[in-house]
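Worksheet for the structure shown next.
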Amino acid sequence: MAGRIEDYALIGDLGTAALVGADGSVDWLCLPRFDSPSCFAALLGEERHGHWRLAPEDERAAVVERRYAGDTLVLETRWRTPGGEVRVVDFMPHRDRRPRLVRLVEGLAGSVEMRGELRLRFNYGRVVPWVRRTGHHRVAVAGPDAGWLSVPSGVHTYGDGDGADGSTRSDFTVSAGQSVAFTLTWQPSHLTTSGRFDPGQSLRDTRADWQRWSDGCRYRGPWRAPVLRSLLTLKALSYEPTGGIVAAPTTSLPEWIGGGRNWDYRFCWLRDSSLTLAALLRGGYREEAASWRRWLLRAIAGDRTGLQALYGVAGERALGEAVADWLPGYRGSGPVRVGNAAVGQMQLDVYGEVADTLHRALCAGIPMERQVWSLFRSLMEAMAGRWREPDEGLWEVRSGRRQFVHSKVMCWVAADRAVRMAERTGLPAPLAEWRRLRDAVHADVCAHGYDPARGVFVQYYGGRGLDASALLLAQSGFLPADDPRVTGTVAAVRAELDLDGFVRRYDADRAGDGLDGAEGAFLACNFWLAEALALGGSPEQATEVFARTVAVGGELGLLSEQWDPVAGRQLGNAPQAFTHVALVNAAFALADATAPSDAAPSDASSSGAAPVRTRPGTTA
């Protein structure tokens, strides 16, 4: 059975990522890309659906420590047995041509008998490959895929070529001072050699590469460790060849155990990608923003009438949803979905997220190229013609379109940032038209999205329910943090959407979102609450909420989409970019709220862009 979601560590090579369980089993890996069919799918089923376990043979063995080596994505697991101690080092080197997963066993004390079990299962656990020996390799082939396992001399392997099982088992002993390295390489099956590879040198290079990147982090506040781990996680979710950024490396981890709210997040949502880039910029990273802008230009080129909510890592547009019905799902929580039907939805908020990220990039010193500006103007034209329409919104409801308040607020953000960028650059723009648009959207939201009887902003026009996205009103600059409409909404969300100290995104039972089953609290919403409290002048309360939410990440500091506070377990796809973005933003807000009054805002020190705190233009 798959482990708890919070017990899985992330390793990756900026092209794909693997999840390594606390029991030493790699239970999820898609090759060669994030969105490729998996070769290990035990996370969504059983061991027979593909995994690679490497651990002491003695059942009395215990994990003493799991940690990342410094500020890297190199995972170290230390095991203690009656006979000695070993450390297993798992990493994926930054890719040259072929993706590789390296597992290095180091003897620390005494002597430990180890066992490895590799079951490659291509196409989401459905295809058992043919396995054969080739020199020091065991090669598993099925259709276009081939996995080459490099086996060190002195390691006994067996089970190769068994058509019913197709697994490779390894038995070996490691004594203090010794090391044994296994390397799994994916490549197209028509290639006949895997090339030379030095695991030891690759480990040194991988550590150095990640540490060098981490050293560029400019956040110096009191929460540096979780902020840097979040930034590393966000970087790991980027697809380096194109600049695309996935929302999560997994599919169908359930929002409630036994429920059916299971989605494929291995794609590039414009919302999540934009917010990820904004967080990286705040942390001092500019190269990723420039790369993502180039990805955006390619992804939406040729269709200037509007934006899809999501695209593939190379800009693919056809991402239809299907069910892998041969997989039972994480702990029996089916269905397992491949692809995402949200690709056909209209989500107006993405215009605001894209505009805000472009504005942050500009403020960080990345020049606004004319072709980018031309594309942005076309997006603004499309948004101006559509902002009054209903949409499926931030939460991608499947009950039909509504006039969601958050979507309208983000349309205001798009107009506001458009005005700011035009004023800053002097590039040609219909400034008067954009200013009128900004004021019109603002007035519309305040007239139809605010319930004066309750003193709160509601989820959608004409409704009475609350939505945690209203916690972002001050962060976006739509209204000042001390506006009574904002403070009233924050207080109401905190009271009515609370789930044992954690915030639900909305009341799923009353909202009628077209989906069956329950869900947990949404972790990003807790960080939004912390940020709203910090901006509203309550840093002590903000710190308490922030610390409680960070603690959910455990020893590895990784956060999924949701949390079940009753069972005390993470839920949903993991690790989740949306959650880690919210953590970074809340940490910066806390740093500003607790800094001396004469100190520069943390945003300004990290990205060159001062945070937007109050709404420019007319008041409503």
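The values are calculated or read from the model by the stated rules, or taken from the named source; none is laboratory data. Quantities reported herein were computed from a predicted structural model and do not represent experimental measurements. Please note: Cβ atoms are built from the backbone with ideal geometry, for glycine as well, and neighbour counts cover all protein chains shown.
General observations
- Being buried (at least 16 other Cβ atoms within 10 Å of the Cβ) and within 25 Å of the chain's Cα centre (by Cα) is a description that applies to VAL354.
- Scanning the range 239-287 for residues being in contact with a helix residue (DSSP H, G or I) (Cβ under 6 Å, 6 or more places away or on another chain), closer than 23 Å to GLY344 by Cα and outside any loop (DSSP other than H, G, I, E, B) gives a total of 8.
- The number of residues in the range 202-218 being surrounded by 12 or more Cβ atoms within 10 Å (Cβ to Cβ) and either in contact with a Cys (Cβ under 6 Å, 6 or more places away or on another chain) or assigned to a loop (DSSP other than H, G, I, E, B) (or both) comes to 3.
- Residue within the range 79-87 that is closer than 20 Å to VAL180 by Cα, β-branched (Val, Ile, Thr) and in contact (Cβ under 8 Å) with a residue 24 or more places away in the chain present: yes
- Any hit, the range 82-99, residues being touching a strand residue (DSSP E or B) at 6+ places or on another chain (Cβ under 6 Å), part of a loop (DSSP other than H, G, I, E, B) and at pLDDT below 95: yes
- Meets criteria (within 30 Å of GLY517 (Cβ to Cβ), assigned by TED's automatic domain parsing to the domain that holds LEU437 and crowded, with 20+ Cβ neighbours inside 10 Å) for LEU379: no
- Candidate set: the range 480-508, residues that are in contact (Cβ under 8 Å) with a residue 40 or more places away in the chain and more than 18 Å from ALA593 (Cβ to Cβ); chosen: the one surrounded by the fewest Cβ atoms within 10 Å (Cβ to Cβ): ASP500
- Any hit, the range 116-128, residues being exposed (fewer than 14 other Cβ atoms within 10 Å of the Cβ) and of a type outside the set (Lys, Arg): no
- Residues in the range 43-60 that are surrounded by fewer than 21 Cβ atoms within 10 Å (Cβ to Cβ) and more than 21 Å from LEU29 (Cβ to Cβ): GLU57, ASP58, GLU59, ARG60.
- Tabulated pairs, the range 241-261, first in the same structural domain as THR16 (by TED's automatic domain parsing) and in contact (Cβ under 8 Å) with a residue 12 or more places away in the chain, second of a type in the set (S, T, N, Q) and not in a loop (DSSP other than H, G, I, E, B), C-beta under 7 angstrom, 6+ apart or interchain: none
- Counting only helices (runs of 4 or more DSSP H) that sit completely within the range 491-558, those holding 3 or more residues that are assigned by TED's automatic domain parsing to the domain that holds PRO226 and among the polar types (S, T, N, Q) correspond to 539-550.
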